[in-house]
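Report on the following structure.
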Amino acid sequence: MTQLLGIDAPADDDWDAFDWQDALDRLVELGFGEAIITLGGDGAVVLDSAADDRVTRIDPVRVKPVDTTGCGDSFMGTVLAALASGMTLVEAARAASYVAAYAATGQGAQASYGTLAQVKAFFSE
């Protein structure tokens, strides 16, 4: 995202101090009104020019990772499935955070993906 917008990432990796509003304004200038920026272990940020809360920080879901292979794919797949089922972008990103975190607890990509019931059970313990 920083390369696309021609801005520097925070030198100290402090994404909480990053000017997300400026990033959203620049995305809008490029024709994008919504975006999710994933930050790995630092969670994600939802930018939505039409929402009341234009910038929403999604807290990371803490797990003991085994393998992060496929976490990005599981995140994006969950976002798309959640949006298709009527969730908001923020709700979709929150759900995706749990699914991606769950995927990190297993080995490999598809073998680590859980069903909805498995993901819910894992985080309700």
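What the table shows:
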| quantity | calculated |
| --- | --- |
| Unmet criterion (only one of (1) over 17 Å from the mean Cα position of the chain (by Cα); (2) closer than 26 Å to Asp53 by Cα; (3) not charged (D, E, K, R)) for Leu116 | (2) |
| Selection within segment 1-39 - more than 22 Å from Leu83 (Cβ to Cβ), within 17 Å of the chain's Cα centre (by Cα) and surrounded by 13 or more Cβ atoms within 10 Å (Cβ to Cβ) | Trp15, Phe18 |
| Residue list for segment 46-101, restricted to those being among the basic types (Lys, Arg) and farther than 19 Å from Leu116 by Cα | Arg54, Arg57, Lys64 |
| Unmet requirement for Ser85, which otherwise passes all of (1) free of Cβ contacts under 8 Å to residues at least 12 places away in the same chain; (2) touching a Gly at 6+ places or on another chain (Cβ under 6 Å); (3) hydroxyl-bearing (Ser, Thr, Tyr) | (2) |
| Condition met for Ala117 (free of Cβ contacts under 8 Å to residues at least 60 places away in the same chain and under 30 Å from Val28 (Cα atoms)) | no |
| Some residue of segment 80-100 being surrounded by fewer than 16 Cβ atoms within 10 Å (Cβ to Cβ), among the charged types (D, E, K, R) and under 21 Å from Leu39 (Cα atoms) | yes |
| Conditions (1) more than 18 Å from the chain's Cα centre (by Cα); (2) in contact (Cβ under 8 Å) with a residue 60 or more places away in the chain; number of the one not met by Val61 | (1) |
| Within segment 102-125, considering residues that are in contact with a helix residue (DSSP H, G or I) (Cβ under 8 Å, 6 or more places away or on another chain) and small (Gly, Ala, Ser), the one surrounded by the most Cβ atoms within 10 Å (Cβ to Cβ) | Ala103 |
| Single residue of segment 5-31 satisfying the filter (outside any loop (DSSP other than H, G, I, E, B) and out of contact with any helix residue (DSSP H, G or I) (no Cβ under 8 Å at 6 or more places or on another chain)) that is farthest from Asp53 (Cα to Cα) | Glu29 |
| Ala109 being in contact with a Pro (Cβ under 7 Å, 6 or more places away or on another chain), touching a residue at least 40 places away in the same chain (Cβ under 8 Å) and of a type in the set (A, V, I, L, M, F, W, C) | no |
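All of the numbers you see were taken from the coordinates with simple rules; none came from a lab. Everything numeric in this text was worked out from a predicted model, so none of it was measured. Ideal geometry is used to build each Cβ from the backbone, glycine not excepted, and the neighbour counts take in all protein chains shown.
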